[in-house]
1. Restricted to the stretch 122-164, and to residues that are over 14 Å from L100 (Cβ atoms), touching a Gly at 6+ places or on another chain (Cβ under 8 Å) and of a type in the set (F, W, Y), which residue is surrounded by the fewest Cβ atoms within 10 Å (Cβ to Cβ)?
2. For the stretch 234-247, name all the residues that are assigned to a loop (DSSP other than H, G, I, E, B) and either touching a Leu at 6+ places or on another chain (Cβ under 7 Å) or surrounded by 14 or more Cβ atoms within 10 Å (Cβ to Cβ) (or both).
3. Mind listing just one residue for me: the one in the stretch 248-283 that is of a type in the set (S, T, Y) and surrounded by fewer than 19 Cβ atoms within 10 Å (Cβ to Cβ) and, of those, nearest to Y234 (Cα to Cα)?
4. Could you say which residue among W299, W247, W263 is of a type in the set (F, W, Y), touching a helix residue (DSSP H, G or I) at 6+ places or on another chain (Cβ under 8 Å) and either farther than 30 Å from F132 by Cα or modelled with pLDDT under 95 (or both)?
5. Of all residues being in a loop (DSSP other than H, G, I, E, B) and among the hydroxyl-bearing types (S, T, Y) in the stretch 186-216, which is surrounded by the most Cβ atoms within 10 Å (Cβ to Cβ)? Just the residue, please.
6. Give, as residue ranges, the strands (runs of 3 or more DSSP E) completely inside the stretch 23-124 that count at least 3 residues that are within 14 Å of the chain's Cα centre (by Cα), on the phi > 0 side of the Ramachandran plot and small (G, A, S).
7. Within 23 Å of G7 (Cβ to Cβ) and out of contact with any Cys (no Cβ under 8 Å at 6 or more places or on another chain): is that true of G231 in this structure?
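The values are calculated or read from the model by the stated rules, or taken from the named source; none is laboratory data. Treat the numbers as computed from the prediction; the structure is a model and nothing was measured. Counting neighbours? That spans all protein chains shown, and the Cβs are built from the backbone with ideal geometry, glycine included.
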Amino acid sequence: MSWQRLGVVFVPDGQRPWACSHASLPTPVHLAGDVFRFFYSSRDAEKRSHIGWVDVELSERPRVLQAAGDPVLSPGEDGSFDDSGVSIGCITETEDGLALYYMGWNLGVRSPWRNSIGLARAPSPYAPFERFSKGPVLDRSPQDPYTLSYPCVLRIGPRQWRMWYGSNLSAAVGNADMSHVIKHARSSDGIDWKRDGATVVGFVSGTEYAIARPTVIDVNGKWLMAFACRGGSYRIGVAASDDGLNWTRLDPTLGLGVSNKGWDSEMTCYPALFRHGGRVWLAYNGNGYGATGFGLAVWDGPSPV
C-alpha cells in the first residue's frame, strides 16, 4: 500500500503578471462529477503571492480544463497585514458559500517576515472573493508571540469550527531557528477563535525544525492529517488522531518522500488531502516550493487508517 503518483498536473505558463511563477499550496474544491477547482498561490515579478485557480478533471491521467485569467485574491494595500502577499491555507464550505483562510505576508527588517491569518469569502467557487475585514482573524498573541502560518479550518457543525495552523516557538531570523509546529484553535462562527498555544503536532527527530501547511480529513471516524515537515528539504508527513488534539506520526508508512527524478525529486511539500470516488487523494508541490507546479497522488490500497 502506498501513494500512486500521477505526476505534475499544472505549472503556470508565466504569461500573466500575477502568475509569473509557482503554483503553490493546491487547494481542491469539488465542482461536479470528476472536476475539481484547485486554488493555488502564484508569484508576480516582485515575488508577491496571489491566489488563482485551475480546473482539473480527475482520473489516472488528470486533465487541465481551464485556468483563471485573473486572481481571486491579491496582496492588500500598503500598510495592511497582507501587503506583501496572500498564500492560501484552505477553503471551507459554509451555509453562505466558501470561506478562504489564508496567510498574509508582511516583510520584516530584523526578521525576514511576519505572518498572520486572514479570511475572504465568496458565495460560490465561481464568484469573486472579498476580504472579511482589513485585519487578520488570527494574529500574534501571548499564545503565538512570533508568526503564524497556513491554516486548515473544518466546520464540524453549526457552531463548531476547528483550526489547525502553524506557529513559531521562537523568534527566527532564518530557517533552522524557527521551530515551527502545528497548533489548534476553536470557534463558534469561524471568525473569533480561542486557542491555548499548545503544540498538537511537533517534531519526531532532532533535525526537524518546521512542520507546516496541515490538511485534515475524516477517514472512517479518525482524523488524518498531512503536512510538510522539514529537517533538510521538505517531505510530506502524515499523522492520525481520534480527537484532533493528540496525534500519532505515521510518516514511515503514509508519508510521501521524493521521486528518483523529475519535478518532485528534491522536495515534496504543501499537501492537500481530499476524498473523491471512494478514494483518498493528495495534491502537493514538488521542487522549489511550487516552482515546478503541483501534482496529484492517490492512495493505492485499502483505507490508510
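1. The selected residue is W161.
2. G244
3. Selected residue: S265.
4. W263
5. Checking each candidate, the answer is Y209.
6. Here the list is empty.
7. Answer is no for this residue.
Each row is one residue, and each column tells you yes or no for (1) more than 17 Å from F129 (Cβ to Cβ); (2) crowded, with 22+ Cβ neighbours inside 10 Å; (3) modelled with pLDDT of 95 or more.
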residue: S2; (1), (2), (3): yes, no, no
residue: P26; (1), (2), (3): no, yes, yes
residue: G33; (1), (2), (3): yes, no, yes
residue: V64; (1), (2), (3): yes, no, yes
residue: A67; (1), (2), (3): no, no, yes
residue: D82; (1), (2), (3): no, yes, yes
